[in-house]
Amino acid sequence: MRRLRGSFDAQELTEEEDKNKDYLVIIKHVEKQTKTKILDDDKQVLPDVLKRAKDVALVDTFDTD
């Protein structure tokens, strides 16, 4: 069976969800340690945090806004 580019099977999707959970745990730990809010209630990076991160990024990032 031919897979479409960019499509995921159930196993790959589960692995990606697990990675996202791991990232959230790390971010929550950083928030707690630094007493800094990084994520909003919907677990999205706050706009001002994202802007500051892009401003000091060591490599070029794609701006999707």
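Considering only segment 44-56, I want to know if a residue exists there that is over 12 Å from the mean Cα position of the chain (by Cα), of a type in the set (Val, Ile, Thr) and at pLDDT 95 or above. Steps first, answer last, please.
First, the residues of segment 44-56 that are over 12 Å from the mean Cα position of the chain (by Cα): 47-49, 51-56.
Adding the requirement that they be of a type in the set (Val, Ile, Thr) leaves 49, 56.
Okay, now just the ones that are also at pLDDT 95 or above, so none.
No, there is no match, as no residue in segment 44-56 is over 12 Å from the mean Cα position of the chain (by Cα), of a type in the set (Val, Ile, Thr) and at pLDDT 95 or above.
Out of segment 19-36, which residues are part of a helix (DSSP H, G or I) and within 17 Å of residue 49 (Cβ to Cβ)? Steps first, answer last, please.
Pass one, segment 19-36, residues part of a helix (DSSP H, G or I): 19-34.
Correct list: 23, 24, 26, 27, 28, 29, 30, 31, 32, 33, 34.
The values are calculated or read from the model by the stated rules, or taken from the named source; none is laboratory data. No experiment lies behind these values; they were computed from the predicted model shown. Because the Cβ atoms are built from the backbone with ideal geometry, glycine has one as well, and the counts that use them run over all protein chains shown.
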